[in-house]
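Heads up: the structure comes next, in structure tokens.
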Amino acid sequence: QHHLPPQMWTSSINQANKMALLAWAKETGIDLVQINGQRRYGGPPPGWVGDPPPAGTEVFIGRLPQDVYENVLIPLFQSVGKLYEFRLMMTFSGLNRGFAYAKYSNRRGAKEAITAFNNFEVQKGCAIVVCKSTEKCELSVDGLAASVSQQELEAVLQRVTEGVLSVTLYASPCQKRAQVAVLKYGSHQAAAMAKKTLMEGNTRLCGVEMKVDWLNPDLKQKLQSCKEKPSSSRVQGDKRLSIPKQMPVSPVLRNALDCLNTLCRRQYLGTPVFLTRCVQANPNGWLLFWCRVVIPGCPVPFSGFTWVRHDGPDSSGHEEAKVAVALQVLRVLGES
């Protein structure tokens with residue numbers, strides 16, 4: 001039995017329609033770019049001036065025959081309005097995956113497409129589905145170790161995905177000693193590509209595979225209700241760091257910094273270095289800080305989150321955050 005090499009085998013599938021697509025692209029001058037399992041036209045199209053179209057201008061196209069390509073679909077969907085972008089999901093063999101997205105220059109074009117082409121027979125006996133695209137931009141990453149910091153997660157996401165706007169960590173409502181991250185991307189397309197990359201790449205953090213999905217509305221509501229009550233603890237490695245309720249920083253508490261410096265000097269650990277970053281500000285004056293304390297003589301830095309009270313325009317909160325985390329490090333070291 002003779003087996004074709006993979007390249008020849010995939011090229012032989014749906015060859016007539018592939019040739020028709022190439023001829024159409026050459027004739028019209030339309031540029032199609034294939035990246036990570038999808039082939040794209042536009043985004044923006046030639047001659048586009050200004051910002052991308054607003055939300056509500058994209059439609060989802062489903063139940064496509066797998067042998068249909070852009071030479072049929074783009075003229076069809078362009079007939080009811082100006083296309084800003086058209087994305088056809090592709091398999092490695094060169095067939096489409098049965099669905100696509102068309103984004104119009106305005107909402108009217110999207111409405112016209114739904115009216116004209118929902119249940120339209122693009123081939124005899126093949127009625128397609130056209131509906132408003134749910135332009136989801138948020139992902140959830142579940143089962144993260146409690147020791148994972150926001151900075152570590154951001155570093156991974158910026159390395160393997162594009163367009164991430166924000167990363168928020170919460171204590172998992174389903175698992176003890178675990179975290180859930182909510183990732184917000186600049187567009188549905190960026191979020192979809194990130195989901196695909198993270199799932200197919202089996203991305204790991206602290207040795208644990210990241211469980212990625214679209215952010216479920218029920219989970220979002222649970223996390224937001226938790227957010228209203230700032231967590232009073234943070235796990236560091238296998239030790240729990242209790243974050244005390246914030247109070248005015250007294251001279252005694254300020255001595256926590258001096259105590260930590262003295263302890264490190266006495267045990268020849270070197271001078272502690274504090275890194276603090278405000279990651280969230282609540283309207284009621286509470287600030288959430290990510291903190292890291294690097295002690296040269298300790299093999300692993302101390303990382304965690306702490307809430308502090310923003311008292312007046314002269315207080316940035318950074319000194320209060322240093323004091324709070326110094327207290328936690330002293331407790332872990334058994335000196336408080």
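The values are calculated or read from the model by the stated rules, or taken from the named source; none is laboratory data. Please read these numbers as outputs of a predicted model, since none were measured by experiment. Positions of Cβ are generated from backbone atoms using ideal geometry, with glycine treated the same way; all protein chains shown enter the neighbour counts. Quick note on the areas: whole protein, heavy atoms, side chains included, nothing else; ligands and nucleic acids left out. Shrake-Rupley method; radii C 1.70, N 1.55, O 1.52, S 1.80 Å.
Of the conditions (1) out of contact with any Gly (no Cβ under 7 Å at 6 or more places or on another chain); (2) closer than 25 Å to residue 32 by Cβ; (3) open to solvent by 10 Å² or more (accessible area, probe 1.4 Å); (4) not assigned by the TED database to the domain that holds residue 55, residue 163 satisfies every one except a single condition; which number is it?
If we test residue 163 against (1) out of contact with any Gly (no Cβ under 7 Å at 6 or more places or on another chain); (2) closer than 25 Å to residue 32 by Cβ; (3) open to solvent by 10 Å² or more (accessible area, probe 1.4 Å); (4) not assigned by the TED database to the domain that holds residue 55, just (1) comes out false.
Going through segment 283-313 one residue at a time, which ones are open to solvent by 40 Å² or more (accessible area, probe 1.4 Å), out of contact with any Ser or Thr (no Cβ under 9 Å at 6 or more places or on another chain), of a type outside the set (Val, Ile, Thr) and at pLDDT 75 or above?
Matches in segment 283-313: 286, 297, 301.
Do we have any residue at all in segment 187-199 that's outside any helix (DSSP H, G or I) and among the hydroxyl-bearing types (Ser, Thr, Tyr)?
Yes - at least one qualifying residue is present in segment 187-199.
Report yes if some residue within segment 47-56 is modelled with pLDDT of 90 or more, β-branched (Val, Ile, Thr) and surrounded by fewer than 19 Cβ atoms within 10 Å (Cβ to Cβ); otherwise report no.
yes
Sort out which residues of segment 102-137 are surrounded by fewer than 17 Cβ atoms within 10 Å (Cβ to Cβ) and closer than 21 Å to residue 219 by Cα, and write them in order of number.
Answer for segment 102-137, where residues must be surrounded by fewer than 17 Cβ atoms within 10 Å (Cβ to Cβ) and closer than 21 Å to residue 219 by Cα: 134, 136.
Could you give me the residue pairs with C-beta distances under 6 Å whose first residue belongs to segment 78-101 and is modelled with pLDDT of 90 or more, whose second residue is among the aromatic types (Phe, Trp, Tyr) and crowded, with 19+ Cβ neighbours inside 10 Å wherever it lies, and which are 6+ apart or on separate chains?
These pairs meet every condition: 81/104; 86/41; 87/101.
Kindly check whether there is at least one residue in segment 78-94 that is of a type in the set (Phe, Trp, Tyr) and part of a loop (DSSP other than H, G, I, E, B).
The answer is yes, given that some residue of segment 78-94 is of a type in the set (Phe, Trp, Tyr) and part of a loop (DSSP other than H, G, I, E, B).
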